[in-house]
Amino acid sequence: MKYIPTIGIECHVQLSTKTKLFSEVDNDARGKEPNACVSPVDFALPGMLPRLNGEAIRLAVLAGRAMNCTINPSSRFDRKHYFYPDSPKGYQITQFYHPIIGEGYVELPSGTKIRVEHAHLEGDAGKLTHFSSYSLVDLNRVDTPLIEIVSMPDIHSAKDAHDYCKELWRLMRFAGVSYGDLYNGNMRFDVNISIAPEGSDKLGTRAEVKNLNSFRSVERAVEYEITRQTKILESGEKVVQETRGWNDATGKTTGQRSKEEAKDYRYMPEPDLPPINLSTEFIETESKKLPSMPVDYRKKFSKIIAEDTLEVLLDYPELMKKLEEIDEKHVKLMSNLFASVLLAEEKSAEYLNDLPSANDLNELSEMNEKKELSSTAMKEVFLRLFDPQMKGRGAKNIAKELGLIQENDLEALEKIVDIVLAKPETQKAQADFNAGEEKVIGFLVGQVMKESHGKANPSAVQEILRKKLA
């Protein structure tokens with residue numbers, strides 16, 4: 001029997017505000033000591049009231065528009081009650097009944113559209129670190145502003161699950177609403193997987209795999225669950241509804257806790273925060289600030305940049321914005337240099353923070369068109385444009401300083417070729433060429449390059465040699 005998988009994904013996105021959602025504390029705890037970014041509000045000390053961070057509202061609007069979602073003019077916060085050591089208040093401030101972001105969709109590179117049911121604002125919980133006989137609590141992450149994006153069950157393959165998560169990551173980074181640092185948990189994915197016989201009008205029993213933080217892990221976890229659940233059904237048993245954990249080393253999921261009944265979180269309206277009421281003008285003004293998205297770049301550059309190169313570059317908003325700045329006729333060359341040269345450098349992450357000007361890149365491309373640089377020299381000048389000591393000098397000046405500009409003056413090149421052809425050590429090669437041995441032309445070109453100290457244009461040299469030898 002053939003089984004069809006159905007997958008829904010909940011994605012938690014940490015917003016890149018300077019301070020937390022309800023307190024004036026540093027929101028970026030990366031590299032900080034445990035419990036260094038906390039306040040009396042985060043500790044939930046008596047009498048401490050939350051104050052809503054307006055920047056989180058603005059970023060939520062941008063995130064919603066990036067996903068083609070409607071923005072609800074009126075939304076409000078609720079209390080979700082549960083008791084766990086990483087939640088000092090005994091409840092989470094979230095949006096359950098009236099979220100800020102409504103329905104929308106995410107378009108995958110393949111063109112498939114995955115519907116978004118809604119996305120809501122909420123404060124994150126802390127972090128528990130478990131040891132053999134005890135656990136430690138770090139509250140740095142408490143009330144970090146999150147949006148939780150809930151997809152519709154429109155995904156039916158592990159690859160689409162991978163692509164959906166990656167495209168979400170791209171959208172959040174291009175929109176500038178999140179750092180998107182997966183290693184530090186800026187985005188985390190909870191994946192619900194079920195399978196049902198082909199043609200069935202009912203979904204199967206789902207398993208939820210929580211806290212995945214890489215696209216590859218999402219894909220592998222979905223593949224494993226489809227295989228596991230298929231074996232269970234084919235053996236005549238039933239899939240148990242449960243929460244499962246993913247082990248990246250073993251490539252397997254393991255059961256953590258059953259979910260036979262939905263837990264009663266006793267949701268209630270948050271009494272310490274008023275409803276959020278956004279004007280139409282505010283929503284429209286913020287929506288217009290949304291920059292070009294991946295789908296826009298695909299439409300703009302799909303006929304210029306090879307698909308595989310474009311998909312690599314779409315992981316880097318900085319590079320796509322720079323390609324948008326330079327002249328269109330130079331985009332193909334620069335995209336190849338970005339993908340094959342820049343991203344291969346150890347310091348590529350550092351270089352992304354301070355890219356060369358569009359004028360410098362245009363100038364380099366024009367030098368390439370005029371054959372003023374060899375391919376090796378062009379790559380060297382390109383990388384020198386990222387050198388702080390070379391900033392502002394321009395591609396042409398750098399090439400001149402390094403002595404890399406090729407000689408294209410045909411009269412000057414002919415003189416050098418004549419000198420080489422007159423040398424005794426080239427006579428045999430000339431005779432061999434005239435006897436039909438084409439490969440010796442490379443030796444002769446090399447001799448001319450040596451005589452010109454590497455400045456001669458090899459293609460022009462070869463053309464001159466062939467005419468003279470003929």
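The values are calculated or read from the model by the stated rules, or taken from the named source; none is laboratory data. Worth saying up front: this structure is predicted, and the values here are computed from it rather than measured. Positions of Cβ are backbone-derived with ideal geometry, glycine not excepted, and every protein chain shown enters the neighbour counts.
Taking the criterion of being of a type in the set (Phe, Trp, Tyr) and either surrounded by 22 or more Cβ atoms within 10 Å (Cβ to Cβ) or closer than 26 Å to Leu278 by Cβ (or both), the residues of the range 94-140 that qualify are Phe96, Tyr97, Tyr105. Considering the range 268-278, and only residues there that are aliphatic (A, V, I, L, M) and assigned to a strand (DSSP E or B), the residue that is surrounded by the most Cβ atoms within 10 Å (Cβ to Cβ) turns out to be Ile276.
Can you tell me which of Asp154, Asp143, Asp160, Asp181 is in contact with a strand residue (DSSP E or B) (Cβ under 7 Å, 6 or more places away or on another chain), surrounded by fewer than 24 Cβ atoms within 10 Å (Cβ to Cβ) and in the same structural domain as Asp42 (by TED's automatic domain parsing)? When all the criteria are applied, what remains is Asp154.
Residue-by-condition table, conditions (1) of a type in the set (Asp, Glu); (2) within 25 Å of Ser178 (Cβ to Cβ); (3) out of contact with any helix residue (DSSP H, G or I) (no Cβ under 8 Å at 6 or more places or on another chain):
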position	(1), (2), (3)
Glu286	yes, yes, no
Met293	no, yes, no
Met334	no, no, no
Glu350	yes, yes, yes
Ala358	no, no, no
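Do we find that Leu404 is surrounded by 14 or more Cβ atoms within 10 Å (Cβ to Cβ), closer than 21 Å to Leu333 by Cα and at pLDDT 85 or above in this structure? No.
Residue-wise test of (1) polar (S, T, N, Q); (2) within 20 Å of Leu108 (Cβ to Cβ); (3) in the same structural domain as Ser459 (by TED's automatic domain parsing); (4) free of Cβ contacts under 8 Å to residues at least 12 places away in the same chain.
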position	(1), (2), (3), (4)
Asp296	no, yes, no, yes
Asp327	no, no, no, no
Ala344	no, no, no, yes
Asn362	yes, no, no, no
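Only one of Glu318, Glu281 is in a helix (DSSP H, G or I) and either closer than 30 Å to Pro99 by Cβ or assigned by TED's automatic domain parsing to the domain that holds Cys165 (or both). Can you tell me which?
On the way: Glu318 fails: either closer than 30 Å to Pro99 by Cβ or assigned by TED's automatic domain parsing to the domain that holds Cys165 (or both).
Sole residue among the options that is in a helix (DSSP H, G or I) and either closer than 30 Å to Pro99 by Cβ or assigned by TED's automatic domain parsing to the domain that holds Cys165 (or both): Glu281.
Selection of the range 364-379 for residues being aliphatic (A, V, I, L, M) and either at pLDDT below 90 or assigned by TED's automatic domain parsing to the domain that holds Ser459 (or both) yields Leu373, Ala377. Residue count for the range 332-353, restricted to those that are more than 14 Å from Lys379 (Cβ to Cβ), not hydrophobic (A, V, I, L, M, F, W, C) and not in a helix (DSSP H, G or I): 3. In the set (1) within 14 Å of Ser151 (Cβ to Cβ); (2) without any contact (Cβ under 8 Å) to a residue 40 or more places away in the chain; (3) of a type in the set (Val, Ile, Thr), Val191 fails one condition alone, (2). In the range 88-104, the residues that are on the phi < 0 side of the Ramachandran plot form Cβ pairs under 8 Å with partners that are crowded, with 16+ Cβ neighbours inside 10 Å and hydroxyl-bearing (Ser, Thr, Tyr), at six or more places apart or across chains, as follows: Gln95/Ser75; His98/Ser75; Pro99/Ser75; Ile100/Ser75.
Note on the range 130-154: among residues that are touching a Pro at 6+ places or on another chain (Cβ under 8 Å) and of a type outside the set (D, E, K, R), the one that is nearest to Pro85 (Cα to Cα) is Val137. Here Ala221 meets the list (1) among the hydrophobic types (A, V, I, L, M, F, W, C); (2) in contact with a Cys (Cβ under 7 Å, 6 or more places away or on another chain); (3) surrounded by 22 or more Cβ atoms within 10 Å (Cβ to Cβ) almost entirely, failing just condition (2). Touching a Lys or Arg at 6+ places or on another chain (Cβ under 7 Å), more than 26 Å from Lys2 (Cα to Cα) and not assigned by TED's automatic domain parsing to the domain that holds Ala44: is that true of Glu286 in this structure? When the stated conditions are applied, Glu286 passes them. Could you tell me whether the range 170-191 includes any residue that is closer than 27 Å to Lys18 by Cβ, of a type in the set (Ser, Thr, Tyr), touching a Leu at 6+ places or on another chain (Cβ under 7 Å) and at pLDDT 95 or above? Yes, the range 170-191 contains at least one residue that is closer than 27 Å to Lys18 by Cβ, of a type in the set (Ser, Thr, Tyr), touching a Leu at 6+ places or on another chain (Cβ under 7 Å) and at pLDDT 95 or above.
Determine whether Val240 is at pLDDT below 95, in contact with a helix residue (DSSP H, G or I) (Cβ under 9 Å, 6 or more places away or on another chain) and not in a strand (DSSP E or B). Yes; evaluated as a whole, the condition is true for this residue. Note on the range 1-120: enclosed strands (runs of 3 or more DSSP E) holding 1 or more residues that are of a type in the set (Lys, Arg) and in the same structural domain as Phe189 (by TED's automatic domain parsing) are 78-81. Would you be able to tell me the number of residues in the range 29-60 that are in contact (Cβ under 8 Å) with a residue 60 or more places away in the chain and more than 19 Å from Ile93 (Cα to Cα)? Result for the range 29-60: 6. What do you reckon, is Glu311 in contact with a Pro (Cβ under 8 Å, 6 or more places away or on another chain) and either surrounded by 15 or more Cβ atoms within 10 Å (Cβ to Cβ) or not hydrophobic (A, V, I, L, M, F, W, C) (or both)? Spelling it out, Glu311 is indeed in contact with a Pro (Cβ under 8 Å, 6 or more places away or on another chain) and either surrounded by 15 or more Cβ atoms within 10 Å (Cβ to Cβ) or not hydrophobic (A, V, I, L, M, F, W, C) (or both).
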